[in-house]
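Any read-out appearing in this document is the output of simple, stated calculations on the displayed coordinates, not a laboratory observation. In this text, all values refer to a predicted model and were calculated from it rather than measured experimentally. Note that each Cβ is placed from the backbone with ideal geometry, even for glycine, and that neighbours are counted across all protein chains shown.
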Amino acid sequence: MSRVGKKPVSVPSGVTANLSGNTINVKGPKGTLSLVVDERVAVKMDKSEIKVDPKDDSKEARALWGTTRANLNNILTGVTKGFERKLEITGVGYRAAVQGKNLQLALGYSHDVLYPIPEGIAVATPKPTEIVVTGIDKKKVGQVASEIRAYRPPEPYKGKGVRYADEFIFRKEGKKK
């Protein structure tokens, strides 16, 4: 039994959700998102709740049960509050700046890295060493933050590179004489 899947998802006020076939469309104050539900999972809508149940007792249906409920909750959270990931840049001369629809990163290479910002995502640089990625789709926000981090992941000796704000870098001791 899925502990996550058992809980119904409550639809907040100001959000409209409708089910058509296997697709759930959600419209809120920040935008619209849709989720295609697997056919092994049944979705029932009440007035202000959405309930997810497996159609049979197979391992795949039970696995998709909690996943579908979590994805549905993420969509409802996204259209009401939105999601945000913060990145920090550590290193001498390392900095970031938003130029139009591109994020310009100076990460110690011989050239600046230009990252094109995708649709539906907003990137801000409040400080030259801080990047804030925001959007309504949790998967997209996480993917963009991961791609930016991948240009220069933090190294364990000095901690230089791009890291998540809540990430802990395990530091190693240098070579001894």
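Counting other C-beta atoms within 10 Å, and keeping those with at most 13, which DSSP coil chymotrypsin sites (Phe, Trp or Tyr not before Pro) do you find in segment 71-114?
Numbers: sites: PHE83, TYR94, TYR109; in loops: TYR94, TYR109.
The qualifying sites are TYR109.
Straight-distance candidates among the aspartates and glutamates for linking to LYS59, with alpha-carbon spacing under 19 Å and chain neighbours fewer than 8 residues away dropped: ASP38, GLU39.
Neighbour counts of C-beta atoms inside 10 Å place THR32, THR68, THR129 in the sequence THR32, THR129, THR68, starting with the fewest.
In plain terms, the residue of ILE24, ILE121 with the fewest other Cβ atoms within 10 Å comes first and the most crowded comes last, giving ILE121, ILE24. Within the set (1) 161; (2) 191; (3) 115, the number that volume of the Cα convex hull per residue in Å³ takes when calculated for this structure is listed as (1). With Cα atoms defining each centre, segment 73-135 and segment 1-66 are spaced 31 Å apart in the structure.
Can you pick out the pairs among LYS30/LYS127; LYS30/LYS101; LYS7/LYS44; LYS101/LYS140; LYS127/LYS175 whose Cα atoms lie more than 23 Å from each other?
Values: LYS30/LYS127 26 Å; LYS30/LYS101 20 Å; LYS7/LYS44 13 Å; LYS101/LYS140 16 Å; LYS127/LYS175 34 Å.
Result: LYS30/LYS127; LYS127/LYS175 exceed 23 Å.
What angle do you read, to the nearest 10 degrees and between 0 and 90, between the alpha-carbon axis of helix 59-80 and the longest principal axis of the chain? Around 70 degrees separate the two axes.
Over the chain, Cα pairs under 8 Å with separation of 6+ residues give a relative contact order of 18 percent. Counted by neighbouring Cβ atoms within 10 Å, the residues VAL4, VAL141 run from fewest to most as VAL4, VAL141. Under conditions of 10 °C and 1.306 mPa s, segment 83-164 yields 126 µm² s⁻¹ as its translational diffusion coefficient, taking Rh as the Kirkwood radius over Cα pairs in the Stokes-Einstein equation.
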